[in-house]
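Chemist: Here it is, the structure, as C-alpha cells.
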Amino acid sequence: VCVDTQMELKLLLTLLLILSATVAADYIRPPPRKALHLPWHSQPSSYPQQVHISLAGDQHMRVTWITDDNSAPSIVEYGTLPEQYGSVAEGETTSYSYAFYNSGKIHHAVIGPLEPDSVYYYRCGGQGPEFQLRTPPAQLPITFAVAGDLGQTEWTKSTLDHIDQCKYNVHLLPGDLAYADYIQHRWDSFGRLVQPLASARPWMVTQGNHEVESIPLLKDGFVSYNSRWKMPFKESGSNSNLFYSFEVAGAHIIMLGSYADYDEYSEQYRWLKENLSKVDRKRTPWLLVLFHVPWYNSNTAHQGEGADMMAAMEPLLNAASVDLVLAGHVHAYERSKRVYNGRVDPCGSVHITIGDGGNKEGLAHRYINPQPIWSEFREASFGHGELKIVNSTHAFWSWHRNDDDEPVKSDDIWITSLISSGCVDQKRNELRNKLMTP
C-alpha cells in the first residue's frame, strides 16, 4: 500500500509540475533589447528637425523644432490644405550650452486659433518637409495614449509603433523622456526618434528624475528639458514649466512636478490650490493628475519615494475628487482600486503606474507580497496605456503589453467618474475649506 501511495504521490507531483510549466509557458518574457542608434542624415543647417507639438491654451498649438542655423526664421506656415498655407505665426527662440555641448536654435511658435478635430498642414522655418497634425475634439469622446519612462531602446520603438496604431488624440507622458543623463546629443536623437508621432499629435509631458541633469555650482537643473519641451505653464497661471494644467474636450488635466518643491509653503502647492479652485466640473467632468514618482507602489523599486509629496498634496487631490492619477518612475505597470490615505475608498482616486515605455534600465520585477488590498493589477512588462473618455460618466482604460511584439491588451477596466457618483458634491465643502486655509 505504501508503495502504491508513493507512486500516486509521485504521479500527482509530476502532473502538477507539468501543469505549472504549461501555465507558466503561456507567457515567457523576452530578453532586454539594445539601445537604438539612429543614423544622422546630413541636412542644410536651416533644416527643421526634432519637430513636436503641444497644446498651448484654448484652440492653440505650440510647434517646437530645432535648427543648426542660428539665423533660421522662427515662423510656422499652416493651413487646412496641403502646401497651401493661409496663415503664418512667428515664434520665439532659445538655446543653451552644457559643458562642451551647444544646442541648436530651439524654436517655439504658437499657431491658432485652430478648429477642433481638424487636420492642418504646416511647415517650419519656411523650408523642409510638410507636416500634418490633427487637433483634439472640443467635446467627448477623446482618447489619450499614455506611456512614461520612454528612453531610446528597441523596446521604445516597439512602444511607439503600438501607440501609432492607437487612434489617440493626445499623448500623456509622466516623466523620463530621453534618458539623456547629461549626454546632450541623446536629447537630439530622442527628438528625431519621436518626431513622426510627436509632430502629428500633441505630446503633454512632465519631468522625471532623468530630466534633472543638474551640476552643483555649475548648472541648474532641467535646463535641457525646459529649453526643448516647453509646456503651457504660463497659459495656466504657473510660473514654472515643471507644473501646469490644460483642458481638452471634457477633461481638466494637471501635470505636477515630483522634483519641484511641493510642501505647503511652496509655489507649486499654492498654484495647485488655486488651480483646483477654478475647475468647473460641469465643463470638465473629468479631473486627471500626472506626475513622475508614484504615491501608491507595491513594487520594491523606488518604494516610499513619493511619500512626502503624497502627504502634502493627496488631501488636496482627494478633496477635489480627482478621478485618475498617472505616474511613472517604476519600470512596471500597476493599477489600484479607488484609494485614499492608504485605504480603499469609493471616493478616492484610481492610481496607475505606467513607467514601462521601454527605458534602458530594464524592468522592475520584484513586488511586495502579499499584494496590498488597494492594488488591483500589477505586472513587470513594457507597454502603453490607452484612456478613452467616452462621456461625462464613463471612461475605458486599457493597458497593452508589448513584450509580445504586439500590443496585447492585458488589463482593462471601465472607470466611473466621481462626479456621477455623488462624491464631488460630498467633498465640495471640504475642498472649499482646504482652499480657504492660508
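Chemist: Give the ranking of Val88, Val51 by solvent-accessible surface, highest area first, calculated with a 1.4 Å probe.
Modeler: Val88, Val51
Chemist: Quick one: which of Lys167/Lys234; Lys337/Lys360; Lys234/Lys273; Lys167/Lys282; Lys105/Lys234 span more than 24 angstrom between C-alpha atoms?
Modeler: Table pairs above 24 Å Cα-Cα are Lys167/Lys234; Lys337/Lys360; Lys167/Lys282.
Chemist: Can you pull the accessible area of Asp188 for me, 1.4 Å probe, Å² to the nearest 10?
Modeler: Approximately 30 Å² of Asp188 is accessible to the 1.4 Å probe.
Chemist: Relative contact order for the range 186-247: what percent, with Cα pairs under 8 Å and sequence separation of 6 or more?
Modeler: Relative CO of the range 186-247 lands at 21 percent.
Chemist: Suppose R0 equals 41 Å; then what is the FRET efficiency for Glu130 and Ser266 from their Cβ-Cβ distance, rounded to the nearest 0.05?
Modeler: FRET efficiency, Glu130 to Ser266: 0.40.
Chemist: Return one whole number: the accessible area per residue of the range 38-148 in Å², for a 1.4 Å probe.
Modeler: Per residue, the range 38-148 has an accessible area of 46 Å².
Chemist: Quick one: in the range 289-337, what % of C-alpha pairs are over 15 Å apart?
Modeler: Percentage above 15 Å: 42.
Chemist: So what does Arg201 come to for accessible area, using a 1.4 Å probe and Å² rounded to 10?
Modeler: Looks like 60 Å² after rounding.
Chemist: So I have [x] 21, 47, 27, 6, 0; [y] 25, 55, 16, 3, 0; [z] 23, 49, 20, 6, 2, 0, and one of them is P(r) over Cα pairs in 20 Å bins from 0, in percent calculated from this model. Which one is it?
Modeler: [y]
Chemist: Would you work out if the range 139-207 is rounded, prolate or oblate? Take a ≥ b ≥ c from the square roots of the eigenvalues of the alpha-carbon gyration tensor; rounded if a/c is under 1.5, else prolate when a/b is larger than b/c, oblate otherwise.
Modeler: prolate
Chemist: Let me ask you something else. Could you let me know the centre-to-centre spacing of the range 196-213 and the range 307-381, using Cα atoms, in angstrom?
Modeler: One Cα centre to the other: 21 Å.
Chemist: What whole-number value in Å² describes the accessible area per residue of the range 296-420 for a 1.4 Å probe?
Modeler: So the range 296-420 comes to 36 Å² accessible per residue, rounded to a whole number.
Chemist: Taking 51 Å as R0, compute the FRET efficiency from the Cβ-Cβ separation of Asn239 and Asp68 and round it to 0.05.
Modeler: Efficiency computed from Cβ-Cβ geometry: 0.95.
Chemist: Is the C-alpha gyration tensor of the range 175-272 telling us rounded, prolate or oblate? Criteria: a/c under 1.5 is rounded; beyond that, a/b larger than b/c is prolate, otherwise oblate.
Modeler: Since a/c reaches 1.5 but b/c is at least a/b, the shape of the range 175-272 is classed as oblate.
Chemist: Counting other C-beta atoms within 10 Å, and keeping those with at most 13, which DSSP coil GluC sites (Glu not before Pro) do you find in the range 265-306?
Modeler: none
Chemist: Sort Ile53, Ile413 from largest to smallest accessible area, using a 1.4 Å probe on the heavy atoms of the protein chains.
Modeler: The ordering from most to least exposed comes out as Ile413, Ile53.
Chemist: Length gain on complete extension for the stretch Tyr101 to Arg366, per 0.36 nm per residue less the alpha carbon to alpha carbon distance?
Modeler: 91.6 nm
Chemist: Given the protein chains as shown and a 1.4 Å probe, how many square angstrom of Phe382 are accessible, to the nearest 10?
Modeler: 10 Å²
Chemist: If you wrap a convex hull around the Cα atoms of the range 232-334, how much volume per residue is inside, in Å³?
Modeler: Hull volume normalised by residue count: 101 Å³.
Chemist: Taking amide hydrogens as modeled 1.01 Å from N in the peptide plane, which residues meet the under 5 Å criterion relative to Thr153, leaving out close sequence neighbours?
Modeler: It is Leu36, by chain and number.
Chemist: Identify the chymotrypsin sites (Phe, Trp or Tyr not before Pro) of the range 230-326 meeting these criteria: DSSP loop state and at most 14 other C-beta atoms within 10 Å of the C-beta.
Modeler: For chymotrypsin sites (Phe, Trp or Tyr not before Pro) across the range 230-326 that sit outside H, G, I, E and B with at most 14 neighbouring Cβ atoms in 10 Å, the list reads Tyr265.
Chemist: Now a separate question. Would you mind telling me the share, in percent, of accessible area of the range 107-187 contributed by carbon and sulfur at probe 1.4 angstrom?
Modeler: Exposed carbon and sulfur together represent 44 percent of the surface.
Chemist: Let me ask something else. Could you tell me how far the Cα centroid of the range 224-253 sits from the Cα centroid of the range 54-91, in Å?
Modeler: 19 Å
Chemist: Leaving ligands, DNA and RNA out of it, rank Trp155, Trp414 by accessible area with a 1.4 Å probe, largest first.
Modeler: Output order, biggest surface exposure first: Trp414, Trp155.
Chemist: Sticking with this one: Compute the length gained on full extension between Glu274 and His394: take 0.36 nm times their separation in residues and subtract their Cα-Cα distance, giving the result in nm to one decimal.
Modeler: Gain on stretching Glu274 to His394: 40.5 nm.
Chemist: Return the calculated 222 nm mean residue ellipticity for the chain, to the nearest 500 deg cm²/dmol, obtained by summing -39500 (n - 2.57) across DSSP H runs with n ≥ 4 and dividing by the residue count.
Modeler: Counting only the DSSP helices, I get -7000 deg cm²/dmol.
Chemist: For the chain, what is the percent of antiparallel DSSP beta bridges, rounded to the nearest 5?
Modeler: Given both bridge residues lie in the chain, the antiparallel proportion sits at roughly 80 percent.
The values are calculated or read from the model by the stated rules, or taken from the named source; none is laboratory data. Given the structure is predicted, the values throughout are model-derived calculations rather than measurements. Cβ coordinates were reconstructed from backbone atoms using ideal geometry, including for glycine residues, and neighbour counts include every protein chain displayed. Accessible surface areas use protein heavy atoms only, side chains included; no ligands, DNA or RNA. Shrake-Rupley method; radii C 1.70, N 1.55, O 1.52, S 1.80 Å.
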